[in-house]
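Here the structure comes first, spelled out in structure tokens, and everything after it is commentary.
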């Protein structure tokens, strides 16, 4: 919706992560697709432990206030 209205302050959905830096398995393509997009932007992804999804390494240093 925002993109259709030519808004420039849109946060791409793949940049939103869950608590602890975890990727969201419910995004289009799942956590693997989200990881691919984040890796393309230069982020490092750590594998999940057990049934936990992967997470962004050192995500705290990249957080922005919206």
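Scan region 11-36 residue by residue and report those that are free of Cβ contacts under 8 Å to residues at least 24 places away in the same chain and touching a helix residue (DSSP H, G or I) at 6+ places or on another chain (Cβ under 7 Å). Once the filter is applied, which keeps residues that are free of Cβ contacts under 8 Å to residues at least 24 places away in the same chain and touching a helix residue (DSSP H, G or I) at 6+ places or on another chain (Cβ under 7 Å), region 11-36 yields 27, 34. Of the residues making up region 50-61, those that are in a helix (DSSP H, G or I) and surrounded by 14 or more Cβ atoms within 10 Å (Cβ to Cβ) number 1. Every test in (1) surrounded by 10 or more Cβ atoms within 10 Å (Cβ to Cβ); (2) at pLDDT below 95 is passed by residue 39 save one, and that test is (2).
Looking at region 42-55 only, could you name the residues that are closer than 22 Å to residue 65 by Cβ and in contact (Cβ under 8 Å) with a residue 24 or more places away in the chain? Residue satisfying the conditions is 55 alone.
Yes/no per residue for (1) modelled with pLDDT of 90 or more; (2) outside any helix (DSSP H, G or I); (3) surrounded by 16 or more Cβ atoms within 10 Å (Cβ to Cβ):
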site	(1), (2), (3)
2	no, yes, no
6	no, yes, no
20	yes, no, no
28	yes, yes, no
32	yes, no, no
43	yes, yes, yes
48	yes, yes, no
66	no, yes, no
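The values are calculated or read from the model by the stated rules, or taken from the named source; none is laboratory data. Source: prediction; values computed, not measured. Positions of Cβ are backbone-derived with ideal geometry, glycine not excepted, and every protein chain shown enters the neighbour counts.
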